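What follows is a short report on a single structure.
The values are calculated or read from the model by the stated rules, or taken from the named source; none is laboratory data. Everything quoted here is computed from the prediction, not taken from an experiment. Glycine also receives a Cβ, built like all others from the backbone with ideal geometry; neighbour counts cover every protein chain displayed.
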Amino acid sequence: MTDALKRLSEEGVAIWLDDLSRKRITSGNLAELIDQQHVVGVTTNPSIFQKAISGGWGSPRSSEAESGGGYEQQLADLAARKVTVEEAVRMITTADVRDAADILRPVFDATGGKDGRVSIEVDPRLAHNTAATVAEAKQLAWLVDRPNTLIKIPATKAGLPAITEVIGKGISVNVTLIFSLERYRAVMDAYLAGLEKAKAAGLDISLIHSVASFFVSRVDTEIDKRIDALGTEDAKAARGKAGLANARLAYEAYEEVFSSDRWAALDKANANKQRPLWASTGVKDKAYKDTLYVDDLVAPNTVNTMPEATLEATADHGQITGNTVAGTYEQSRAELDAVEKLGISYDEVVQLLEDEGVDKFEASWIDLLKSTEAELKRLAPSEG
């Protein structure tokens, strides 16, 4: 094993795990990853919870099937109380996030609140409803009741004012499902507006933290599919470049916004920069090296949230050679321009990916509700 993860941390990249399950918590695996693999945070999403919870009883081949993934007793208790399926899912997921947050609390304390964070997402069915998203974010923060929680809000048009409102109430936020540079700038604007609102309300804005989850591999997947359909040699030369180019230009935007006069005023009040978080960093095309979106996105004050397979690959053979984002902006703009010249619309692709991202999380959440409902019925005590 190389020391690539240590080197990555030393370059200013916080390593977060993009996964959570009760078995990972109770087995000591999460604590081990923190202790041995430089993991300093955890992200979750509806698909992760659907897999972790439904997998326990939904798949006879699952290694967690016999124990119900660790959820059986809680489900039995919830069934006895006759809670609604929505309440049951929230009680289960917030319990996992709370326990993970407790495991990560020493990291949170040691880094002054910068890391040691666990993210939990608002109900994805609320992605296009600003007021409901704000209400859900407040409820989740109350339910988990840990200072090292981040509430995930999607970067939809309806999500932007929700971000400002929630940050303005002093709740730390992970903004998710960011695909376009234009939307990323709007997310940073929403964050700064939230800090200004919190400051005006007399809140201590040094306690508010945020990350902006900029998705990487899904951009390549969609654009590569369109390149392959063209089938020309010129088109093939553009494969596998758009995701990295897009992310690197996002970092350029981050550097610009957080060196502005507007930021300087907040900085004087001890505000925290909203760090870019590289999400969707698992490589989906076997033609690319499995650490592509780690090795080639090294920059200070960023987060890379990795599925376990990517974490292990990086530990084994990651090539961390220093900052791989600095000095790339001109080339990155040229690489995105090359895609446009092929007749592939950047705006169309990023909007499609946002729509699909919301839809996929919503589908996973609905599947989780259905499987949980079936399990509650199975475990319900007989009347009489």
Next item on the list: Scan region 93-106 residue by residue and report those that are touching a strand residue (DSSP E or B) at 6+ places or on another chain (Cβ under 7 Å) and either free of Cβ contacts under 8 Å to residues at least 12 places away in the same chain or within 12 Å of residue 42 (Cα to Cα) (or both).
Entry: 97, 100, 101, 104
Next item on the list: Please verify whether region 287-306 includes one or more residues that are surrounded by fewer than 18 Cβ atoms within 10 Å (Cβ to Cβ) and closer than 18 Å to residue 249 by Cβ.
Entry: yes
Check: Taking residue 333 and the conditions (1) closer than 20 Å to residue 223 by Cα; (2) not in a helix (DSSP H, G or I), which numbered condition does it fall short on, given that it satisfies the others?
Finding: (2)
Item checked: Scope region 127-165; condition under 16 Å from the mean Cα position of the chain (by Cα) and either surrounded by fewer than 21 Cβ atoms within 10 Å (Cβ to Cβ) or of a type in the set (Val, Ile, Thr) (or both); matching residues -> 149, 151, 153, 156, 163
Notebook entry, point to check: What about residue 364, is it touching a Pro at 6+ places or on another chain (Cβ under 6 Å) and either more than 15 Å from residue 243 (Cβ to Cβ) or free of Cβ contacts under 8 Å to residues at least 60 places away in the same chain (or both)?
Noted result: yes
Next item on the list: Evaluate region 293-316: report whether one residue or more is under 27 Å from residue 234 (Cβ atoms) and assigned to a loop (DSSP other than H, G, I, E, B).
Entry: yes
Checklist line | Filtered residues of region 186-215 (kept if assigned to a loop (DSSP other than H, G, I, E, B) and within 10 Å of residue 273 (Cα to Cα)) | finding: 208, 209
Note to self: Please count how many residues of region 1-24 are touching a His at 6+ places or on another chain (Cβ under 9 Å), at pLDDT 95 or above and surrounded by fewer than 16 Cβ atoms within 10 Å (Cβ to Cβ).
What the structure shows: 1
Next item on the list: Evaluate region 105-126: report whether one residue or more is closer than 20 Å to residue 271 by Cα, part of a loop (DSSP other than H, G, I, E, B) and charged (D, E, K, R).
Entry: yes
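Quick grid of which residues meet (1) among the small types (Gly, Ala, Ser); (2) closer than 24 Å to residue 187 by Cα; (3) buried (at least 19 other Cβ atoms within 10 Å of the Cβ):
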residue	(1), (2), (3)
341	no, no, no
347	no, yes, no
354	no, yes, yes
367	no, no, no
370	no, no, no
380	yes, no, no
Next item on the list: Kindly provide the set of residues from region 318-353 that are charged (D, E, K, R) and either modelled with pLDDT under 95 or more than 24 Å from residue 255 (Cβ to Cβ) (or both), ordered by number.
Entry: 341, 348
Checklist line | Failed item, numbered, when residue 42 is tested on (1) under 19 Å from residue 114 (Cα atoms); (2) surrounded by fewer than 24 Cβ atoms within 10 Å (Cβ to Cβ); (3) in contact with a Phe, Trp or Tyr (Cβ under 7 Å, 6 or more places away or on another chain); (4) not acidic (Asp, Glu) | finding: (2)
